[in-house]
Amino acid sequence: TVCVLYAFFPIPLKQDRGSVCLTYLCRSGKLCVCVCLVSHFCVIRLGHSYFINWDRKMFCPQCNTAAEARTTTLNEELGQVEYIFSDKTGTLTQNIMSFSKCSINGHAYDVLMVLGNSELDFTSFNPLADPDFCYYDNGLLKSVKLGDLHSHEFFRLLSLCHTVMSEEKKEGELMYKAQSPDEGALVTAARNFGFVFRSRTPGTVTVTELGRPVTYTLLAILDFNNIRKRMSVIVRNPEGRIRLYCKGADTLLFERLHSSNNHLVNITTDHLNEYAGDGLRTLALAYRDLSEEQWEEWSERHRQADRATDCREDRLADIYEHIEQDMMLLGATAIEDKLQEGVPETIAILSLANIKIWVLTGDKQETAVNIGYSCKMLTGDMTEVFIISGNTVLSVREELSSSVPLPLALPPLDPPSSTTLDSISGEFALVINGHSLAHALEADMEGEFVSTACVCRAVICCRVTPLQKALVVELIKKHKKAVTLAIGDGANDVSMIKTAHIGVGISGQEGIQAVLASDYSFSQFRFLQRLLLVHGRWSYLRMCRFLCYFFYKNFAFTMVHFWFGFFCGFSAQTVYDQYFITLYNIVYTSLPVLAMGIFDQDVPEQRSLEYPKLYEPGQLNLLFNKREFFICITQGIYTSVVLFFVPYAILSHGTQGTGEPLADYQTFAVTTATALVIVVSVQIALDTGYWTAINHFFVWGSVGSFFTIMLAMHSQTLFSIFPNQFHFIGSAQSTLVQPLVWLTIVLATVICIVPVLAFRFLKLDLKPQLSDTVRYTQLVRQKTRKPAGRCMGGVRVGGVPEGRLGARGGFRRSGYAFAHQEGFGELITSGKNMRLSSLALANFASRHSSSWIDTLRKKKHSNTHPPQNGSGQKPRSNSTAVVQT
């Protein structure tokens with residue numbers, strides 16, 4: 001406002017030095033630059049936000065949800081992201097489990113092999129079938145209908161060995177309440193193939209087998225936990241036969257099979273390898289017949305261990321281990337935790353853009369690793385996948401140190417340099433559990449953890465709390481000084497989203513808490529590649545070009561006053577008239593730079609996605625830094641020198657056709673102003689990479705508006721209306737009709753522009769950027785070509801040590817994953833769950849899933865504080881003690 005007032009109103013004749021300097025700055029337009037810069041920033045950022053909101057390619061028709069930019073201040077940072085922190089469930093996956101494949105007695109039933117078949121109709125075969133269940137392999141249904149004993153036993157196991165609760169509001173309408181989505185998918189599969197779980201009591205399980213109701217006596221549930229990685233039930237059928245059914249991780253279950261299963265194990269292992277390679281979640285199934293004497297003996301030992309007052313869990317584990325031996329293999333299941341559409345492709349493209357993706361999830365390690373392989377974060381081409389699972393500070397430190405290969409290992413006090421990290425990036429992955437992460441985030445170990453994690457192309461943190469998610473993001477912000485982005489869909493992701501520089505919310509099935517806390521929101525993870533590689537890269541490019549040109553044009557404009565100051569004694573007199581100073585940044589040059597800042601592109605959006613390497617200049621901040629700023633200032637100063645001294649040199653000795661000299665103030669002002677507007681307009685025409693009708697209208701319209709306004713201000717009409725404001729009648733008209741003036745303008749323009757053209761041609765020929773190469777390829781080859789994939793990893797020699805995963809010769813990666821919690825078996829057999837609501841069961845699962853973190857907190861609290869303070873009160877527990885002490 002002060003600048004505008006000084007520009008429009010007369011300046012007093014008597015002024016002190018301070019007012020003279022202020023007047024000179026305001027009149028010369030220097031202080032107006034800040035006002036124009038801020039206003040241009042706001043308009044450009046607002047335009048970029050609207051482009052995100054209007055992008056139809058980021059609209060999800062299934063959810064009827066469009067992308068939304070909830071802020072206008074972070075658009076250019078979308079083009080500089082180096083680390084993405086993502087939740088898993090609901091973000092990468094749909095959180096929908098489906099029964100996909102199975103292997104029964106060595107025969108694989110693979111839906112992918114029979115895609116030509118139509119979807120099976122189970123209702124005609126089974127009235128109790130779930131109408132939403134989809135399966136296509138008719139061979140499996142035929143084997144059940146033909147009475148294959150192995151198929152019957154396979155689905156009988158699935159209908160009995162679980163902790164699912166059933167609710168039947170009316171006949172035939174079953175609703176399963178599963179503690180984990182895996183169990184729900186398996187029980188639903190058994191239901192559709194004729195083995196329908198109907199109800200349970202603390203001592204019985206009722207199943208409808210091929211239309212015949214059967215009630216089994218539930219003798220015992222050998223509960224699941226993370227160490228056993230399996231679950232078993234012992235039931236007695238109506239004929240009195242006792243049988244143990246077991247399902248669990250194939251790596252542990254195969255060790256407990258009878259020796260007669262060796263051939264079947266080899267066949268099933270091949271099937272499991274295939275399933276694991278497809279990223280499916282696998283379980284092996286087995287059974288064992290028990291005699292009455294074996295059951296009575298084991299039951300008594302189990303009763304004694306259950307009543308033990310010391311080491312109860314260890315005693316029960318030994319008892320379970322004793323009975324789960326010499327089992328007979330039935331087969332294996334493969335469940336698909338459906339990824340969202342386009343997740344593997346998105347992660348692959350973002351990885352090629354040198355963006356590192358970390359998955360921070362509360363799920364189990366096996367589940368997270370399987371999803372890692374499904375979405376191609378983890379690949380068989382990787383040299384190694386390091387597993388960090390230590391329970392103590394020393395063990396975690398040792399595992400972190402041993403994770404780095406010996407040639408790359410460095411002392412803890414000498415972390416690897418960025419050059420070293422870049423040279424080995426892309427060959428390794430890191431998987432760390434929540435209890436290990438709690439130690440790794442401690443102050444004396446966080447540097448080593450960051451150094452090791454940044455060597456890896458992908459990092460997966462499992463069993464982490466919302467607080468740990470936020471601390472991991474904060475750790476990278478602290479040590480790497482990189483732009484971070486966090487994306488999630490639930491309330492447990494809010495802290496992570498708020499901690500990162502940029503927060504993205506997925507509007508999914510877990511509410512809108514993440515969306516409300518985010519800066520950007522959409523409904524599918526795959527839209528992230530478009531948000532970053534198209535909108536983010538363009539926003540960064542446009543903002544950088546806008547800043548470079550803005551500083552150039554204002555230095556070219558302002559420094560002319562500086563040179564003129566040597567001739568006017570740095571008085572309040574300006575080289576331009578006051579209206580030109582006012583309108584230069586408002587009318588003559590504002591709209592062209594706005595059009596470039598809003599619409600400009602270097603390559604089309606398709607090429608931005610085809611060539612992810614185009615994203616790297618933003619990460620390295622190559623387009624606007626100290627060097628680029630210095631170049632802009634230098635070019636602006638050079639332009640100002642040319643615009644002042646070339647007209648000064650020519651007009652000081654020039655004459656009109658009538659012989660009158662041209663060396664007057666108004667002729668010089670009009671000539672310099674005209675040359676300035678033409679030069680900066682030609683310069684923005686050279687800087688614009690993508691021309692639209694709006695760009696043409698603004699650029700050439702601004703030049704036209706300059707001549708129109710200038711001629712109007714020097715006209716007789718305005719003088720007659722405002723005689724005190726417009727003193728120089730006809731100055732513009734008499735100046736612009738002189739051939740020498742136009743020669744001066746053309747000469748000044750050529751001297752300003754030719755060096756720029758020469759420099760750009762040389763740079764394009766000697767050191768072209770990738771965007772230049774892409775544009776050249778488009779011109780030379782009309783047929784586009786997709787970039788080749790990046791080869792990662794190397795040959796690993798030798799075996800794979802414990803705690804590491806790999807896909808090299810002879811090593812089989814287990815696809816086991818089972819999102820189940822310990823304790824539900826005891827809850828069912830005690831009958832307590834029959835009196836609990838489903839909400840109470842959910843609360844039980846939530847409390848139990850965080851029991852390890854509570855235990856660790858109590859241990860650390862007891863080690864660092866006395867049990868009571870001086871006042872006799874217990875010391876207060878701090879929720880951050882796990883990761884901050």
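Bear in mind these aren't lab numbers, they're just calculated from the coordinates by the rules spelled out. All values derive from a computational prediction rather than experimental measurement. All Cβ positions, even for glycine, are placed from backbone atoms using ideal geometry, and neighbour counts span all protein chains on display.
When peptides 301-310, 81-90 are ranked by their average number of other Cβ atoms within 10 Å per residue, the highest-first order is 81-90, 301-310. Pairwise Cα distances in the stretch 97-338 exceed 24 Å in 45 percent of cases. Check cross-link reach from Lys338 to the aspartates and glutamates: straight Cα distance under 14 Å, and skip same-chain residues fewer than eight apart. Excluding near neighbours in sequence, the set is Asp182, Asp278. In terms of surrounding Cβ atoms within a 10 Å radius of their Cβ, Val679, Val756 rank from fewest to most as Val756, Val679. Rounded to the nearest 20, the size of the Cβ-charge dipole of the stretch 140-263 about its Cα centre is 120 debye, with Lys and Arg at +1 and Asp and Glu at -1. Look at the dipole of the stretch 523-638 built from charges on Cβ: of Ala572, Leu533, Leu591, the Cα furthest out on the positive end belongs to Leu533. From most to least packed by mean Cβ count within 10 Å, the peptides 428-434, 226-232, 136-142 give 428-434, 226-232, 136-142.
If R0 is 60 Å, the Cβ-Cβ spacing of Ser299 and Lys498 corresponds to a FRET efficiency of close to 0.65.
Sorting Lys478, Lys170 by the number of Cβ atoms found within 10 Å of their own Cβ, with the fewest placed first, yields Lys170, Lys478. Residue by residue, the stretch 206-215 carries 3J(HN,Hα) couplings of 9, 10, 9, 9, 6, x, 10, x, 9, 10 Hz when phi is fed to the Karplus relation 6.51 cos²θ - 1.76 cosθ + 1.60 (θ = phi - 60°); x denotes Gly or Pro.
Which of Lys169, Lys145 has the fewest other C-beta atoms within 10 Å, and how do the rest follow up to the most?
Going from least to most buried by this count: Lys169, Lys145.
Calculate the spin-label point distance for Ile721 paired with Glu321, positioning each point 7 Å from the Cα along the beta-carbon direction, and give it in nanometres. Output for this residue pair reads 9.9 nm.
Say the cut-off is 23 Å between C-alpha atoms; which of Lys57/Lys477; Lys553/Lys626; Lys356/Lys480; Lys247/Lys376 go over it?
Working: Lys57/Lys477 31 Å; Lys553/Lys626 18 Å; Lys356/Lys480 12 Å; Lys247/Lys376 27 Å.
Too far apart for the 23 Å limit: Lys57/Lys477; Lys247/Lys376.
Close amide H partners of Ser199, meaning residues 5 or more places away or on another chain with modelled amide H under 5 Å apart, are Thr206. Amide H contacts for Gln601 (H built 1.01 Å from N in the peptide plane; partners 5 or more residues away or on another chain; cut-off under 5 Å): Gly689, Tyr690. Give me the one-decimal nm value for the distance between modelled label points at Lys477 and Asp121, 7 Å along each residue's Cα-to-Cβ direction. Label-label distance for Lys477 and Asp121, simple model: 5.8 nm. Here the stretch 523-676 has an Rg and Dmax of 21.3, 75 Å, counting Cα atoms alone.
How far is the Cα center of the stretch 238-256 from the Cα center of the stretch 483-521, in Å? Taking the Cα centre of each part, the stretch 238-256 and the stretch 483-521 sit 43 Å apart. Given a Förster distance of 45 Å, report the FRET efficiency between Glu341 and Gln578 from their Cβ-Cβ distance, rounded to the nearest 0.05. Step by step, r from the Cβ atoms, then E = 0.15. Remark: the stretch 538-589 projects, on average over all directions, an area of 4.1 nm² (convex hull of Cα atoms).
When Lys and Arg each count +1 and Asp and Glu each count -1, what net charge do the other residues less than 10 Å away from Leu253, Cβ to Cβ, add up to?
For residues surrounding Leu253, the net value is +1.
For a paramagnetic label modelled on Ala663 (point 7 Å from Cα along Cα→Cβ), amide N atoms under 18 Å away belong, within the stretch 553-570, to 564-569. Here's how it looks for Thr65: its modeled amide H is under 5 Å from those of Cys60, which are all 5 or more places away or on a different chain.
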